[in-house]
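What follows is a single structure, written as C-alpha cells, with notes after it.
Throughout, read-outs are computed from the coordinates displayed, never taken from laboratory work. Values in this document were obtained by computation on a predicted structure and should not be read as measured data. Cβ atoms come from the backbone with ideal geometry, glycine included; neighbour counts cover every protein chain shown.
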Amino acid sequence: MLKPIVHTSFSELPDHSLSFLTNIEKTNFYLGKGWFENFSGNTLSSDSQTHIYSVEETGDSAKTRGMLFMRSPGGQNGSLSEKMFSGPKTLASMTAHQSIYFAPVIDESDTDQEQIIQALMQSICQDSHAWNLIDINFMNKDSRIYHNVSNALKQCGMHVHHYDYRPNLYEDLSGITFKDFVASRPSMVRKTYMRKSRKLEKSNNVHFEFITSGNLDKAIADYKIIHDKSWKEDEIFPNHDAGVIRKAAQAGSLRMGLLYVDDQPVAVQVWLVSAGRATIYKLHYDSDYHQQSVGAILMLRMFEHMIDVEHINEVDFGIGDETAKSLWLKHQRPLCGIVAFNPKTPGGLLALSKFTASGMLDNAKEKFKPLLLPIKQRLAKTGS
C-alpha cells in the first residue's frame, strides 16, 4: 500500500529516503541526493518554503517509492509564474536559473510508476494549503513521467496547460571519435580554434588539469578567480556552484577542467556525468585572454577526453541556445513545463483567467503582426 508523506526540509528526510535518492543519483545526478541537498541549502530564497512530497510503501520496513521536491511561493528564480502568478498559495518545482532538468524522483524501472505519480499529485492537490497554482518545469516532454504527471493532475480536477520553457542543445556521440567530432563542426571549430589550440599548447607555460575528486579547495578557489575575471555577473546564490562541484565529486559525476597560463587559471569548465550522459554545466574564462580563445581551447580538451577516453553517449549544453553553443552541438529540444490551476479556489480561477488572457493577447499579436509591419515601415520612412 502506498502512503503519502510531506516533509518541510531536506534535513527531515529519513535514512531510507536518503538511500533512495543516493541510488537514483547513479543514473541521474539532477534527481539525486547531492543535487537536492545542495539546492535546499544554497539555492532557495530566504522567503521560500520547502515541500517534499514522498510516497512510501508500508509494511515491515519503510521503503520510499517516489519523491517530488517543491517550493512555495511560486515565481522565484526560474518559474513560469515569476512575474504573473507569485503568491503564498502558489507551488513550484524546486528549480531555478541554475537548473538543468527536473522530474518526480522515481526509479525508471518501477512498474508502478503511474500509480506512484498519481499518489504524489493527489498528495499535492489535497494538501491543506489548497494551492491555487502548481508549476512544474525543466521536464522532458517526451518522457513517460511527463505525461503521467499531466494526466494525474487532470484526474485531480486541475486545469492543466503545457509550455516550452527553455531550449536545450544536445548531440548523440555514440560510436564516434574526437577526430570525427571535430571534422563535423563548423570551420570556426575545425580551423580557427584548432589552430589557436596548437599555437597556445606549443608554449611551455600552458597546462591543463582534469579533476574528478580529491581535494577540491584549490580547484574551487581557481574557479572563483576565473569567474571573477570573466564578463559574467555575480551569482545570485554565491555558494551554489561550489556546492554542486563538491556534491558531484562525491557522486562520481564531476568532470572539471582547468586551463592555466603561466600558472594562472584562465579557463574552467564543469561537466556533470551520469549513466553515459554529460552536461556542460558551467564554463568561464578570463576576459583578458579572449583573443587567445582559451575557453574554446579548453572545450576541445574536454571533448577529446569525454569522447575518446570516457566514451560518453550524449552531451548537452544545459539551457540556452546562444550562437556560441551552436558551434559545438547541432540539435535542439525544449525543456518543458506543466502549469495546473485549481478551479476550486478563487485564486486559482483568477490565475487561470490571467493565463488565458495572456495567451489570447499573444495570439492576437502574432495574428496582426503582418498587418502592423507595413505601418511601422511607413512611419520609419517618414521619421514619425
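Given +1 at the Cβ of Lys and Arg, -1 at the Cβ of Asp and Glu and no other charges, the dipole of the chain around its Cα centre is 1720 debye to the nearest 20. Expressed as a whole number of Å, what is the distance separating the alpha-carbon centroids of region 299-319 and region 1-64? So the separation of the two Cα centres works out to 30 Å.
Semi-axes of the equivalent ellipsoid of region 93-207 are 45, 16, 13 Å, computed as sqrt(5λ) over the eigenvalues of the C-alpha gyration tensor in descending order. Mean separation of Cα pairs under 8 Å and 6 or more residues apart, divided by the residue count, gives region 174-312 a relative contact order of 28 percent. Each Cα pair under 8 Å and six or more residues apart adds its sequence gap; the mean of these over the residue count of the chain is a relative contact order of 20 percent.
Legend: P(r) of region 142-196 from all alpha carbon pair distances, 10 Å bins from 0, whole percents, reading 17, 27, 18, 17, 16, 5.
Under a 5 Å amide H cut-off, with hydrogens placed 1.01 Å from N, L173 pairs with E314, V315 among residues at least 5 apart or on other chains.
Could you tell me whether region 203-265 comes out rounded, prolate or oblate from its Cα gyration tensor? Rule is a ≥ b ≥ c as square roots of the eigenvalues, rounded for a/c under 1.5, then prolate if a/b exceeds b/c, otherwise oblate. Judged from the Cα gyration tensor, region 203-265 comes out oblate (a/c at least 1.5, b/c at or above a/b). The mean of 1/r over all pairs of different alpha-carbon atoms in region 174-312, once inverted, gives a Kirkwood hydrodynamic radius of 15.6 Å. Using a ≥ b ≥ c from the Cα gyration tensor of region 96-158 (square roots of the eigenvalues), is it rounded, prolate or oblate, where a/c under 1.5 gives rounded and otherwise the larger of a/b and b/c decides, a/b for prolate? It is oblate, given that a/c is not under 1.5 and a/b is not larger than b/c. In the chain, the longest principal axis of the Cα atoms and the axis of helix 240-251 are about 90 degrees apart. Taking 27 Å as the limit for the C-alpha separation, the pairs K89/K224; K154/K367; K141/K330 exceed it in the case of K89/K224; K154/K367.
Which of the three applies to the chain, rounded, prolate or oblate, going by the alpha-carbon gyration tensor with a ≥ b ≥ c and a/c under 1.5 meaning rounded? Taking the square roots of the gyration eigenvalues as a ≥ b ≥ c, the chain is oblate.
Taking the chain as a whole, the Cys residues whose C-beta sits 4.7 Å or farther from every other Cys C-beta are C336.
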